[in-house]
Amino acid sequence: PKAKDIFSVGVIAKIIQTLKLPDGTLKVLIEATKKVKLEKIIENDGFFQASVTDIEDIVVNDIETKALVKSVISLFTEYTKYTA
């Protein structure tokens, strides 16, 4: 990818586990630790370095938001049954 192909918002993540599959592909389990906004990107000899700022979570505890979160978790759980 080129610098212009990188999203301006993303996550800092920690690699939890890697698994090489028989077909040669690599399956990687990651855990996102925080959301960030890209401020500056520098291309360096085949890789990128970036300056980022943290994006604070907005906590909303109303009934509608809780119902949407429950729905998303349920849909994601269902999705993982077919992709794992």
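The values are calculated or read from the model by the stated rules, or taken from the named source; none is laboratory data. Predicted, not measured: the structure shown is a model, and the values here were computed from it. No Cβ is skipped: glycine too gets one built from the backbone with ideal geometry, and neighbour counts run over all protein chains shown. Protein only, heavy atoms only, side chains kept; ligands, DNA and RNA dropped before computing areas. Shrake-Rupley method; radii C 1.70, N 1.55, O 1.52, S 1.80 Å.
A simple spin-label model places the labels of ILE55 and THR77 2.6 nm from each other, with each point 7 Å out along Cα-to-Cβ. Taking all protein chains into account, the per residue accessible area for the chain stands at 92 Å² (1.4 Å probe). Taking all protein chains as present, what is the carbon and sulfur share of the accessible area of the chain, in % to the nearest whole number, probe 1.4 Å? About 59 percent, which is the carbon plus sulfur part of the accessible surface. The slack between ASP5 and ASP45, meaning 0.36 nm per residue of separation minus the straight C-alpha distance, is 12.7 nm. Sparsely packed loop sites in the chain (the trypsin sites (Lys or Arg not before Pro) outside DSSP H, G, I, E and B with at most 14 other Cβ atoms within 10 Å) comprise LYS2. Rolled with a 1.4 Å probe across the full set of protein chains, the surface gives THR18 an accessible area near 80 Å². Scattering from the chain was approximated by placing one identical point on each alpha carbon and applying the Debye formula without solvent; log10 I(q)/I(0) at 0.23 1/Å stands at -1.18.
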